[in-house]
Amino acid sequence: MSTEKVHSMSRRKFCLCCASAAGLAATGCWLTPSQAFAEAKNLVDVFRDEAAKAKIKVYKVRGNIAVLEGSGGNIAVLTGRDGKVFVDAGIANSRPRLLEAANGLSHEPVSYLINTHWHFDHTDGNQWLAEEGAAVIAHENTHKHLQSAHRVDDWDFLFPSSPLAAIPTQVFSSELALQLNAQAISLRYYQPAHTDSDISVYFANADVLHCGDTFWNGIYPFIDYSTGGSIDGMINAASMNVSSVTDKTIVISGHANPVGNRQQLIAFRDMLTGIRDNVAGLKKEGRNLDEVIAAKPTSAFDPVWGKGPVGPDFFARLVYYGV
């Protein structure tokens, strides 16, 4: 089987897996393969359709910080006299339920939105949050990607440029410090990792770190090579996350279990490193993509990490392209 055929087949399986994952968010259970196939018009439309009916779960994390789960990536909300501060915007179709959940935390207006990176499941809600009064803050590469059309090959989707209201109004290149709601908030660029636009958001007073999609808590991550992501970048970001926290830090992931800790960050980094080394060793032996996938380089990690929307074969392919 040719590499291109493996690529196309893997992409389709990924779309079906993500359709199944979207069903999990909406119904509390994974879709069967046949249900996922029926739903898979395209990955982005499936996510948007499911977000329109998904329940939003609220996790009160520490102090005045909570996490909203159920609309794309995990969203952090900081409440206080300066207004609500959202970290990530989720998918726009979730607007009524996100507002209901956020207003259950406090009645202050939305004042700020921070995007951890450019992907639609973290920025699709930018426009409505801006309409609610949020100033949108992001890395300069998020600003760049949202301003122009961009195709993500592994999602088989061309994203158009975003409406003007959805474009971040405050951008930075390396670090940015904010003081809001009695929290010192540090925004820090990772360098290319999951994409070329990833940032961390650290609430210093509460000792809470939001890692965006540089941390998928308990499942294999997606890596977007189309906008600068790579397996080595993900490992570097994971190592940076581990070194940035203590055993007392609460860690918010981009996907899966939203409330994590340092030990889970370490396990994630070690999984990435182990699979990278396995794939690199096979590639050094001269094995092509088909042969690497057939060798099951992720098998030791699959029982824990292989049950999410990014399956073992697809993740092996993502790693292969980066070593």
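The values are calculated or read from the model by the stated rules, or taken from the named source; none is laboratory data. What you see is a predicted model; the values in this text were computed from it and never measured. We place every Cβ from the backbone using ideal geometry, glycine too, and count neighbours over all the protein chains shown.
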- request: Collect the residues in the range 211-253 that are farther than 17 Å from D270 by Cβ and of a type in the set (S, T, N, Q), keeping them in residue-number order.
  value: S226, T227, S230, T246, T249
Of all residues making up the range 42-56, the number that are within 21 Å of T123 (Cβ to Cβ), of a type outside the set (S, T, N, Q) and outside any helix (DSSP H, G or I): 4
- request: Identify the residue in the range 197-218 that is surrounded by 24 or more Cβ atoms within 10 Å (Cβ to Cβ) and charged (D, E, K, R) and, among all such residues, is farthest from the chain's Cα centre (by Cα).
  value: D198
statement: The number of residues in the range 106-119 that are of a type outside the set (V, I, T) and over 15 Å from K144 (Cβ atoms) is 7
- prompt: How many residues does the range 89-127 hold that are of a type in the set (V, I, T) and either part of a loop (DSSP other than H, G, I, E, B) or surrounded by fewer than 24 Cβ atoms within 10 Å (Cβ to Cβ) (or both)?
  reply: 3
message: Looking at the range 148-174, I want the residues that are free of Cβ contacts under 8 Å to residues at least 40 places away in the same chain and have a partner that is surrounded by fewer than 13 Cβ atoms within 10 Å (Cβ to Cβ) and not small (G, A, S) with Cβ atoms under 7 Å, at least 6 apart or on another chain. Which pairs are those?
response: A149/L158; A149/P160; L158/R151; A165/E131
field: Answer residue from the range 235-256, given it is among the hydrophobic types (A, V, I, L, M, F, W, C) and under 12 Å from the mean Cα position of the chain (by Cα) and is surrounded by the most Cβ atoms within 10 Å (Cβ to Cβ) among those
entry: I252
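Quick one: which of V242, V201 is touching a helix residue (DSSP H, G or I) at 6+ places or on another chain (Cβ under 9 Å) and in a strand (DSSP E or B)? Spell out how you get there, then give the answer.
Working: V242 fails: in a strand (DSSP E or B).
It is V201.
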statement: Of the listed residues (L129, L178), the one being modelled with pLDDT of 95 or more and closer than 25 Å to A52 by Cβ is L129
task: Search the range 117-141 for residues that are closer than 17 Å to G229 by Cβ and pair each with any residue that is aliphatic (A, V, I, L, M) and part of a loop (DSSP other than H, G, I, E, B) when their beta-carbon atoms are under 7 Å apart and the residues are at least 6 apart or on different chains.
output: D121/I91; H122/A89; T123/A89
- prompt: What residue, of A184, A130, is outside any loop (DSSP other than H, G, I, E, B), over 16 Å from the mean Cα position of the chain (by Cα) and surrounded by fewer than 19 Cβ atoms within 10 Å (Cβ to Cβ)?
  reply: A184
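Looking only at residues that are part of a strand (DSSP E or B) and among the small types (G, A, S) in the range 133-153, which one is surrounded by the most Cβ atoms within 10 Å (Cβ to Cβ)? Talk me through it step by step, then tell me what you get.
Within the range 133-153, the subset part of a strand (DSSP E or B) is 135-139, 150-152.
If we keep only those that are among the small types (G, A, S) too, we end up with 135, 138.
Details: A135: 16, A138: 29.
Ranking the qualifying residues of the range 133-153, first place goes to A138.
Being touching a residue at least 40 places away in the same chain (Cβ under 8 Å), outside any helix (DSSP H, G or I) and within 16 Å of E140 (Cβ to Cβ) is the requirement here; does P221 meet it?
Working: touching a residue at least 40 places away in the same chain (Cβ under 8 Å): yes; outside any helix (DSSP H, G or I): yes; within 16 Å of E140 (Cβ to Cβ): no.
No; evaluated as a whole, the condition is false for this residue.
Do you know which residues across the range 287-323 are among the polar types (S, T, N, Q) and under 19 Å from S230 (Cα atoms)?
Step one: of the range 287-323, the residues among the polar types (S, T, N, Q) are 288, 298-299.
N288, T298, listed by residue number.
Can you give me the number of residues within the range 154-181 that are in a helix (DSSP H, G or I) and surrounded by fewer than 12 Cβ atoms within 10 Å (Cβ to Cβ)?
Qualifying residue count, the range 154-181: 1.
Do we have G254 as touching a helix residue (DSSP H, G or I) at 6+ places or on another chain (Cβ under 7 Å), of a type outside the set (A, V, I, L, M), touching a residue at least 24 places away in the same chain (Cβ under 8 Å) and closer than 25 Å to G73 by Cβ here? Can you show your working first?
Details: touching a helix residue (DSSP H, G or I) at 6+ places or on another chain (Cβ under 7 Å): yes; of a type outside the set (A, V, I, L, M): yes; touching a residue at least 24 places away in the same chain (Cβ under 8 Å): yes; closer than 25 Å to G73 by Cβ: yes.
Spelling it out, G254 is indeed touching a helix residue (DSSP H, G or I) at 6+ places or on another chain (Cβ under 7 Å), of a type outside the set (A, V, I, L, M), touching a residue at least 24 places away in the same chain (Cβ under 8 Å) and closer than 25 Å to G73 by Cβ.
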